[in-house]
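Report on the following structure.
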């Protein structure tokens with residue numbers, strides 16, 4: 001068996017070896033993205049984030065790795081386990097610290113058990129509970145992993161399901177008008193009206209990649225991001241140096257959608273681009289114009305995907321209002337291991353109950369599709 005090592009800094013692992021373990025199509029597991037979070041002040045122990053990357057080594061050869069963090073809270077995860085922490089607290093036990101395997105602040109499905117072979121992913125999934133037990137952690141959580149990683153988890157792990165809303169160009173639309181033509185009259189009309197309001201307000205859009213973004217563009221998008229977080233009473237974790245790093249280290253992956261009016265940038269959306277997918281992450285605005293959010297965050301992104309040949313658009317977690325705008329429900333998954341045997345059976349039953357409710361709700365959501373020929377009884381993905 002290979003050696004299991006914990007790395008407190010991703011820079012301890014050569015970028016070439018880390019990136020050789022995945023196909024490069026998901027930017028959130030790239031060495032440049034994850035190490036950038038660490039190097040530019042986005043992950044802080046005071047905020048509950050301490051890197052503990054789990055790696056399997058055979059001498060100097062990296063066989064498998066997982067982006068992992070010691071967590072002192074559940075902030076920035078998007079798979080909500082507050083009820084679990086409360087149950088531990090009621091029994092006088094500590095739920096924190098725990099071990100989280102995820103892309104920080106990013107509820108985006110992507111590789112988590114980075115390895116070329118299934119047996120290496122299985123070894124990695126088996127190693128994380130041992131690491132947690134040795135470190136005194138209550139649990140291990142692998143969030144937003146793809147379905148092809150299910151086979152790596154044995155029966156001691158519990159699966160949880162949730163629903164997000166994604167746009168998919170499975171029909172092969174060539175233009176935005178083709179996309180609208182697939183909708184029923186009411187939804188098509190509503191979208192056209194929303195877009196027309198923004199156009200009448202004199203708003204135009206400019207989309208730039210990282211290598212095209214000026215310091216002013218990066219500063220504007222970071223300012224919008226900060227404003228949105230402050231309005232909701234949250235602490236913005238991403239720093240301007242991190243965005244500058246992305247623009248330099250991952251220039252084609254960073255996509256900025258900038259709304260301009262009367263010569264000023266009034267709103268913007270920060271996105272990342274993968275192999276075939278656009279990922280909408282953050283947005284903000286200085287001007288509360290009707291329809292500006294939908295145009296900036298959804299419609300401009302769809303047009304970008306159609307123009308660039310991308311087939312998927314994931315605009316972020318939550319938001320049933322996205323269904324009416326062509327983003328259909330899709331299952332997302334996570335796996336969880338709990339150290340205390342007294343909690344395993346009750347939590348396993350809880351997860352099974354939750355999954356049944358999520359599946360039932362997803363079927364109801366799928367019936368609200370705005371497309372004329374929609375006949376899928378439930379969303380794909382599980």
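Nearest 10 degrees is fine. How inclined is helix 185-200 to the longest principal axis of the chain, computing both from alpha carbons?
80
Top mean-square fluctuation among 187, 321, 336, Gaussian network model of the chain, C-alpha springs under 10 Å?
Checking each option, the largest mean-square fluctuation is seen for 321.
Quick check on the chain: of the DSSP beta bridges with both residues there, what percent are antiparallel, nearest 5%?
Of all bridge pairs located within the chain, approximately 90 percent are antiparallel.
Just round it to a whole percent: the fraction of Cα-Cα distances in the chain exceeding 27 Å.
51
Under a 10 Å cutoff between Cα atoms, tell me which one of 133, 152, 216 has the largest fluctuation in the Gaussian network model of the chain.
Result: 216 has the largest fluctuation of those listed.
Using only the alpha-carbon atoms of segment 313-354, report the extent along each of the three principal axes, biggest first, to the nearest angstrom.
Taking max minus min along each principal axis of the Cα atoms, segment 313-354 gives 45, 17, 12 Å.
Return 371, 205, 224 ranked ascending by Cβ neighbour count within 10 Å, so the fewest neighbours appear first.
371, 205, 224
Any chance you could give the angle, 0 to 90 degrees and rounded to 10, that helix 341-366 forms with the longest Cα principal axis of the chain?
Tilt of helix 341-366: around 20 degrees.
In whole angstrom, note down how far apart the Cα centers of segment 162-211 and segment 42-109 are.
Centre-to-centre distance over Cα atoms comes out at 36 Å.
Running a GNM on the chain with Cα contacts under 10 Å, which residue among 175, 109, 265 ends up with the highest mean-square fluctuation?
175
Based on DSSP H runs of at least 4 residues, each adding -39500 (n - 2.57), what is the mean residue ellipticity at 222 nm of the chain after dividing by all its residues, to the nearest 500 deg cm²/dmol?
Only helices count here, giving -10500 deg cm²/dmol.
Quick one: give the max-minus-min coordinate of the C-alpha atoms of segment 119-257 along each principal axis, largest first, in Å.
61, 41, 31
On C-alpha positions alone, give me the angle between the axis of helix 240-249 and the longest principal axis of the chain, in degrees, nearest 10.
Its long axis makes an angle of about 90 degrees.
Over the chain, what is the relative contact order in whole percent, taking alpha-carbon pairs under 8 Å and six or more residues apart?
For the chain, the relative contact order is 19 percent.
Rule-based calculations on the coordinates, nothing more; no lab input. Predicted model, so just to flag it, every value in this text is computed and none were measured. A quick note on method: Cβ atoms are made from the backbone with ideal geometry, for glycine too, and the neighbour counts reach across all protein chains shown.
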